[in-house]
Structure formats: C-alpha cells, structure tokens
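What follows is a short report on a single structure.
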Amino acid sequence: ASLDVEPLVEGTRQVGPFEVEARLVPHTDECYAFRVSLADGGAAGRGLVYSGDCGDAEALRPLVRPGDLLLAEVSFGPGPGDPAAFHLDAPGVATLAASTGAGELLLTHLLDWRRADETLAAVRARFDGPARLVWPGDIASI
C-alpha cells in the first residue's frame with residue numbers, strides 16, 4: 001500500500017487540533033525546526049519548539065514565543081561549538097531562550113555526556129528559567 005505523503009515545506013498547517021509551523025534551519029542537509037501549539041490558542045498560546053539539528057540558534061528565533069517549551073539540541077555542550085559543524089551549544093541556546101522569553105528549556109543531543117554539569121552551568125549563566133538535560137527514554141509529565 002502506498003501512502004500519499006506531502007513533501008515537507010516551510011510554513012504553517014493545521015494537523016488535527018494542532019498548528020504546526022516548520023522552518024528550514026542551517027545544517028549539512030535539509031533540516032527543519034518545528035513549533036507545535038493548539039490551533040485554537042489554548043494553553044495560553046504556548047507551544048513546543050523543537051530545534052532538530054541546527055547550526056545557528058538565531059534561526060530558531062521566529063518560532064519561539066514567550067512561555068514556549070524549547071527542546072533544543074546542544075551537541076557542543078558548554079561550547080564553543082564549531083560553526084562549520086552546524087550544531088548548537090548551550091550558550092547559544094540559552095541566550096535565545098532568555099531573549100525570546102521561553103518558559104522552559106529541555107536540552108538534548110549532547111555529544112559528550114560527561115560534560116552535562118558544565119552544559120547546565122553554561123545554560124544557567126544566561127537563562128534563569130527551568131532547564132534540564134533530557135535523554136532517550138525520558139518521559140515528561142504534561
């Protein structure tokens with residue numbers, strides 16, 4: 001059986017009760033970041049923003065609204081990252097979260113897990129909201 005699947009493109013579309021906004025972000029291949037929120041503006045308009053693999057935290061700025069939960073990769077931990085590698089570090093993500101008014105920051109895709117404490121310290125130096133690392137298998141209560 002074949003599936004009729006639309007190609008992924010930038011823009012906003014409604015999927016059931018959700019509004020999903022997709023934006024291309026810099027990476028080695030075609031990568032998208034997403035913002036998912038209730039289409040009716042419920043939950044005070046807050047949403048979930050997921051960075052995907054991304055080479056510049058500023059590319060996420062158009063997606064993040066005050067109060068949003070930002071789930072972002074921090075491959076380069078406390079930084080600095082290598083701009084040619086197209087991944088994020090904690091200082092860049094935390095600066096974005098603070099300047100956009102994100103409500104909470106979840107950090108994923110940390111390549112060197114041994115630097116978890118340093119990564120969180122780098123975030124807390126720039127963002128005073130709730131922040132934590134998440135790992136495969138973590139379950140959040142909503």
Checklist line | Odd one out for T108 among (1) polar (S, T, N, Q); (2) within 12 Å of the chain's Cα centre (by Cα); (3) modelled with pLDDT under 95 | finding: (3)
Checklist line | Hey, D138 part of a loop (DSSP other than H, G, I, E, B), open to solvent by 20 Å² or more (accessible area, probe 1.4 Å) and in contact with a strand residue (DSSP E or B) (Cβ under 7 Å, 6 or more places away or on another chain) or not | finding: no
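Being open to solvent by 80 Å² or more (accessible area, probe 1.4 Å) and not in a helix (DSSP H, G or I), is that true of even one residue in segment 97-113? Working first, answer last.
In the first step, residues of segment 97-113 are kept if they are open to solvent by 80 Å² or more (accessible area, probe 1.4 Å); the result is 111, 113.
From what is left, the residues that are not in a helix (DSSP H, G or I) are 111.
Scanning segment 97-113 turns up at least one residue that is open to solvent by 80 Å² or more (accessible area, probe 1.4 Å) and not in a helix (DSSP H, G or I).
Being of a type in the set (G, A, S) and exposed (fewer than 13 other Cβ atoms within 10 Å of the Cβ) is the filter here, so list the residues in segment 3-52 that pass it. If you could, list the steps in order and put the result at the bottom.
Step one: filter segment 3-52 for residues of a type in the set (G, A, S), giving 11, 16, 22, 33, 37, 39, 41-45, 47, 51-52.
Passing the criteria: G11, G16, G41, G42, A43, A44.
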Item checked: Filter result (open to solvent by 10 Å² or more (accessible area, probe 1.4 Å), touching a Gly at 6+ places or on another chain (Cβ under 9 Å) and either touching a residue at least 60 places away in the same chain (Cβ under 8 Å) or under 17 Å from E19 (Cβ atoms) (or both)) within segment 53-72 -> V64, R65, P66, G67, L69
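Take the conditions out of contact with any Lys or Arg (no Cβ under 9 Å at 6 or more places or on another chain), of a type in the set (S, T, N, Q) and surrounded by 14 or more Cβ atoms within 10 Å (Cβ to Cβ) and apply them to T119. Does it pass? Before you say what the answer is, go through the steps one by one.
Working: out of contact with any Lys or Arg (no Cβ under 9 Å at 6 or more places or on another chain): yes; of a type in the set (S, T, N, Q): yes; surrounded by 14 or more Cβ atoms within 10 Å (Cβ to Cβ): yes.
Yes, satisfied.
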Note to self: Could you tell me how many of the residues in segment 76-96 are surrounded by 20 or more Cβ atoms within 10 Å (Cβ to Cβ) and in contact (Cβ under 8 Å) with a residue 24 or more places away in the chain?
What the structure shows: 12
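The values are calculated or read from the model by the stated rules, or taken from the named source; none is laboratory data. Everything numeric in this text was worked out from a predicted model, so none of it was measured. Every residue, glycine among them, receives a Cβ derived from its backbone with ideal geometry; neighbour counts consider all protein chains shown. Accessible surface areas use protein heavy atoms only, side chains included; no ligands, DNA or RNA. Shrake-Rupley method; radii C 1.70, N 1.55, O 1.52, S 1.80 Å.
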